[in-house]
1. Under 18 Å Cα-Cα from LYS146, which lysines qualify once same-chain neighbours fewer than 8 residues away are excluded?
2. So, with +1 on the Cβ of K and R and -1 on the Cβ of D and E, and no other charges, what is the size of the charge dipole of region 2-217 about its Cα centre, to the nearest 20 debye?
3. Explain nothing, just compute: Karplus ³J(HN,Hα) = 6.51 cos²θ - 1.76 cosθ + 1.60, θ = phi - 60°, for every residue of region 141-157 in order, whole Hz, x for Gly and Pro.
4. Mind giving me the nanometre distance, one decimal, between the label points for LYS109 and LYS77, set 7 Å out from Cα along Cα→Cβ?
5. GluC sites (Glu not before Pro), restricted to region 56-148: which are DSSP loop and have at most 10 other Cβ atoms within 10 Å?
6. Using the basic label-point model (7 angstrom from Cα toward the beta carbon), what is the ASN55 to LYS218 distance in nanometres?
7. Sequence-distant or interchain residues sharing an amide H contact under 5 Å with SER139, placed H: which?
8. ALA82's amide H: which non-local residues (gap 5+, or another chain) put their own amide H closer than 5 Å, with H modeled 1.01 Å from N in plane and none for Pro or chain starts?
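Values in this text are rule-based calculations from the coordinates and carry no lab data. From a predicted model like this one, the values you see are computed outputs, not experimental measurements. When we count neighbours, we look across all protein chains shown, and the Cβ atoms used for this are built from the backbone with ideal geometry, even at glycine.
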Amino acid sequence: MRIKIEQKILAKNEDFASANRKYFKRNNILCINMISSPGSGKTTILEQTAKALKNKLNIAVIEGDLYTEYDADRIRKTGLQAVQIETKGACHLSAEQITKAFHKLDAEKLDVLVIENVGNLVCPSDFDLGELRRVVVLSTAEGDDKCAKYPGSFAQADVLLINKMDIAKHVDFKISKAKRDARKLNKQLKIFEISAKTTAGMDKWFNWLLKSCKELRK
Ligand SMILES: Nc1nc2c(ncn2[C@@H]2O[C@H](COP(=O)(O)OP(=O)(O)O)[C@@H](O)[C@H]2O)c(=O)[nH]1
Ligand SMILES: [Mg+2]
């Protein structure tokens, strides 16, 4: 019974996800599903991305949290459009929620849509939102063993942002171990070492975004 219900939920999600993906492709909108544990620095990364790229790319953000409008407010302060989804307890976003939230945005001339998923390295990886790229964030404070412990999120990602490199040495984070484990799961994975606090290393992430938008328009 439980398996049947889960299959139904996933099948319904897949219908919305494929409609979303079709729309994003047809309209050249680079939709990114950003996944990580709570507090790894997703919103800070997006604030810095907004500052660096808002004159080059039209970016909008859909924020997912259990409660509050905090993150959407942070993004709006940078000048970007943001819509908040409050899941009221659910541990991930669904493709249907993205369809509904997207309608609240002014999508004309949009280049990039970032979905900041609910902070959690487990559930979000099973739910396709119709994104064109998946980005996973791991912060050094979480420990260098998390790629191997939570493989689903890392195996399906296009990009891994290793954030909080400014404090790596204070939390005994071994970058070579984290990268080795991640690459074992996913040979294609692009890995950028960054600090959203100091912006060190973020140029490579910004260039990846610019390049990916160009490729989509080809
Ligand atoms: N030291 C350090 N702190 C960071 C960095 N990025 C984010 N933070 C801090 O980590 C905390 C959580 O960041 P936030 O962006 O809200 O994470 P989110 O929950 O993944 O969206 C905040 O106190 C940030 O100031 C970083 O690169 N270095
Ligand atoms: Mg956040």
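1. Answer for LYS146, where 18 Å is the Cα cut-off: LYS42, LYS164, LYS169, LYS174, LYS177, LYS179, LYS184, LYS187, LYS190, listed by chain and number.
2. 680
3. 5, 7, x, 7, 9, 6, 5, 5, 6, 10, x, x, 5, 7, 5, 9, 8
4. A separation of 2.7 nm, rounded to one decimal place.
5. Here the GluC sites (Glu not before Pro) that fit, given the DSSP loop and packing criteria, are GLU108.
6. Reported label-point gap for ASN55 and LYS218 is 2.8 nm.
7. The answer is ASN163.
8. For ALA82, the qualifying residues are VAL61.
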